[in-house]
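All remarks here apply to the structure that follows.
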Amino acid sequence: MIAPKFIVIACALFFNPIIAQNNFDHNVWDQALLLNVSEDGKVDYNGFMRDSSQLYTYFTQLSENTPKESWTREEKLAYWINAYNAYTIKLIIDSYPIKSIKDLEDPWGKKFFKIDGEWYSLGELEHKILRKFGDPRIHFAINCASFSCPVVWNRAYTADNLNNALDTQTKKFINDPTRNTITKDKVSVSKIFTWYKKDFKVNGGDVKDFINRYATVKIDNQSKKGYKEYDWSLNE
């Protein structure tokens, strides 16, 4: 007679690999990022063009494995962040060389890629999907291929690393003096904080409260306050 404990262990070993297969594997995108994005977020668009087969393999995986209801919130959010960043790369290399994403016609409104047979634009991914998650940190994870944007992380987002990565990217952006200047006398922050002002009003706070949660120097009684000019030059 087989012991019940042995049956439980055997079942766990047999079914675990099947369960694991339901999770999206972002390894192809992870490798593409490691090869073509520096640690400080500079993008090698020529490199992505040379490795385009890797990129298009990932697009196929995205299209054939869209988020399911059974996925966790973290799995869904990681999927859509990675999809946004990967298709931004595609948008640029499809017209490369260019000096700015704004040289393109309607870059965020153009439906230029398919996921599971449906045409999407970058704007739809951002406004109709990503912002609906209600996590303002996504604004520091998705990238608009421009210098003043949050830097591209050279790793893929996954369910396991998502929360720590979003915190890290948010803190890095807010304390980056090229994107935000916060001193004891002066505050000059990214226009991201005015474009998406309502997204940062979380837990009863406002934009200042959100920034202060991550800023090394806090916004308090500085006499000079304003927004930085946004540099749309390509982040290469």
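The values are calculated or read from the model by the stated rules, or taken from the named source; none is laboratory data. On a predicted model such as this, the values are computed, not experimentally measured, just so you know. So basically every Cβ, Gly included, is an ideal-geometry build from the backbone, and we count neighbours across all protein chains shown. Each accessible area value is taken on the protein alone, full model and side chains, heavy atoms only, with ligands, DNA and RNA left out. Shrake-Rupley method; radii C 1.70, N 1.55, O 1.52, S 1.80 Å.
Computed values, structure above
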| item | result |
| --- | --- |
| Filter result for residue 142 (at pLDDT 95 or above, among the hydrophobic types (A, V, I, L, M, F, W, C), part of a helix (DSSP H, G or I) and open to solvent by 10 Å² or more (accessible area, probe 1.4 Å)) | no |
| Any hit, region 106-126, residues being over 16 Å from the mean Cα position of the chain (by Cα), closer than 30 Å to residue 171 by Cβ and surrounded by fewer than 16 Cβ atoms within 10 Å (Cβ to Cβ) | no |
| Any chance residue 147 is out of contact with any helix residue (DSSP H, G or I) (no Cβ under 9 Å at 6 or more places or on another chain), at pLDDT 95 or above and closer than 23 Å to residue 101 by Cα | yes |
| Answer from 84, 79, 96 - the residue that is of a type outside the set (Asp, Glu), closer than 23 Å to residue 53 by Cβ and surrounded by fewer than 19 Cβ atoms within 10 Å (Cβ to Cβ) | 96 |
| Any chance residue 63 is closer than 19 Å to residue 152 by Cβ and modelled with pLDDT of 95 or more | no |
| Contacts under 7 angstrom Cβ, first residue in region 216-236 being closer than 18 Å to residue 170 by Cβ, partner part of a loop (DSSP other than H, G, I, E, B) and open to solvent by 100 Å² or more (accessible area, probe 1.4 Å), 6 or more apart | 217/184 |
| Elements of type helices (runs of 4 or more DSSP H) in region 149-219, at least 2 residues being exposed (fewer than 13 other Cβ atoms within 10 Å of the Cβ) | 192-195 |
| Exclusive hit being surrounded by fewer than 19 Cβ atoms within 10 Å (Cβ to Cβ), more than 22 Å from residue 154 (Cβ to Cβ) and touching a His at 6+ places or on another chain (Cβ under 9 Å), set 73, 131 | 131 |
| Search result, residues across region 162-215 that are in contact with a helix residue (DSSP H, G or I) (Cβ under 9 Å, 6 or more places away or on another chain), touching a residue at least 24 places away in the same chain (Cβ under 8 Å) and among the polar types (S, T, N, Q) | 163, 169, 170, 175, 180, 190, 194 |
| Residues (assigned to a helix (DSSP H, G or I) and either surrounded by 13 or more Cβ atoms within 10 Å (Cβ to Cβ) or modelled with pLDDT of 95 or more (or both)) located in region 17-46 | 27, 28, 29, 30, 31, 32, 33, 34, 35, 36, 45, 46 |
| Test result for residue 180, touching a Leu at 6+ places or on another chain (Cβ under 8 Å) and within 30 Å of residue 104 (Cα to Cα) | no |
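Each row is one residue, and each column tells you yes or no for (1) in a loop (DSSP other than H, G, I, E, B); (2) in contact (Cβ under 8 Å) with a residue 12 or more places away in the chain; (3) hydrophobic (A, V, I, L, M, F, W, C).
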site: 54; (1), (2), (3): no, yes, no
site: 62; (1), (2), (3): no, yes, yes
site: 68; (1), (2), (3): yes, yes, no
site: 80; (1), (2), (3): no, yes, yes
site: 84; (1), (2), (3): no, yes, no
site: 88; (1), (2), (3): no, yes, no
